[in-house]
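J.: Structure incoming, see below.
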Amino acid sequence: MTFYEIEFPLAALSEAVEAALLEIGASSITFVDRGDEPVLEPKPGEVRLWSDTLVRALFQESYAGGSRAGSSEAASTDAARNLGRLAAVLGPHITETARVRRVENQEWERVWLTDWKSMRFGRRLWVCPTAAEPPDDPNAVVVRLDPGLAFGTGTHPTTALCLQILDSLPVAGRSVIDYGCGSGILGVAALKLGAAHVCAVDLDPQALLATRDNAIRNGVSSSIDVQGIEVGLRPAYCVMANILAGPLVELAPTLTEACEPGGYLLLSGLLKTQAYEVKAAYGRAFDRVQVVERDDWCCIYARRGA
């Protein structure tokens, strides 16, 4: 298979652009920041793009009648036809600003995994790619995880901080809540560390699917319940929420009630500048509150008063 990419500045609603690209057969669509404008805290369910956004759409080259013309000529003809169809829907600026380039055929999943290595968190917890050799450590607790449908492989400082602290907590035989579970990495790690049961919660169906898959891959699916946010929470010994500052403040009553007296709370997804506001929302119910930092990010680690 041969591919080519059409790239152009976003000048319309992203939903309309995405629909038009899918209609003409795009295999994938990526929105890229052309400047340096981080989007740090969208609301739950919100898709917020940058003020200067580039659209990249990948297409598989088609061959009329099943014959292969010269690859560059075929790709050029294909791209010109699709650019014309896009311009008819989105406007003539598409043909004026678009750039087309050939893309070498690769096994994309393998390319994505090239730099994804085994990592240790705390004293004994390891997150390793599925195909990686186990660490040379007889005490290693290994979570097998590959980048996939949902956020969370341990590479981001907020996830790393949660894993590091989780490794030090006495969760063996206890119940745990992973709120905003993403890939399920925290809940799966808790089970591998000996937790008796995990309730994994997320509003994104892709996250729920990824969490179920990763629990099966790690042999802990019988001990994890995966559910949407509309389902109530039973109190647990440890509550983890690696999401965003705004939702964490809004969820303070819910997550506080979900944490058993004497239990632990881990809150992350925060910039260091957001720690004070989040601490204030939870501080009255927790008698030991610490902030652990890495780079510009932090994790709030607390124990609820007995």
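The values are calculated or read from the model by the stated rules, or taken from the named source; none is laboratory data. All values derive from a computational prediction rather than experimental measurement. Every residue, glycine among them, receives a Cβ derived from its backbone with ideal geometry; neighbour counts consider all protein chains shown. Side chains included, ligands, DNA and RNA excluded: accessible areas come from the protein's heavy atoms. Shrake-Rupley method; radii C 1.70, N 1.55, O 1.52, S 1.80 Å.
J.: Indicate, rounded to the nearest 5 percent, the antiparallel portion of the DSSP beta bridges found entirely in the stretch 169-303. Working shown, then result.
T.: Details: 13 of 32 bridges.
Bridges in the stretch 169-303 are about 40 percent antiparallel.
J.: I've got another one for you. With a 1.4 Å probe and every protein chain left in place, work out the accessible area per residue of the stretch 173-296 in Å², rounded to a whole number. Walk me through the numbers on the way to the answer.
T.: Numbers: 5480 Å² over 124 residues.
Accessible area per residue, the stretch 173-296: 44 Å².
J.: To continue, here is another question. Expressed as a whole percentage, what fraction of the accessible surface of the stretch 169-270 belongs to carbon and sulfur atoms when a 1.4 Å probe is rolled over the protein heavy atoms?
T.: Numbers: 1930 of 3670 Å².
About 53 percent, which is the carbon plus sulfur part of the accessible surface.
J.: Going by average Cβ neighbours within 10 Å, how do the peptides 264-270, 223-229, 54-60 rank, with the highest at the top? Mind dumping the intermediate values first?
T.: Details: 264-270: 26.6, 223-229: 16.9, 54-60: 19.1.
Order by mean packing, descending: 264-270, 54-60, 223-229.
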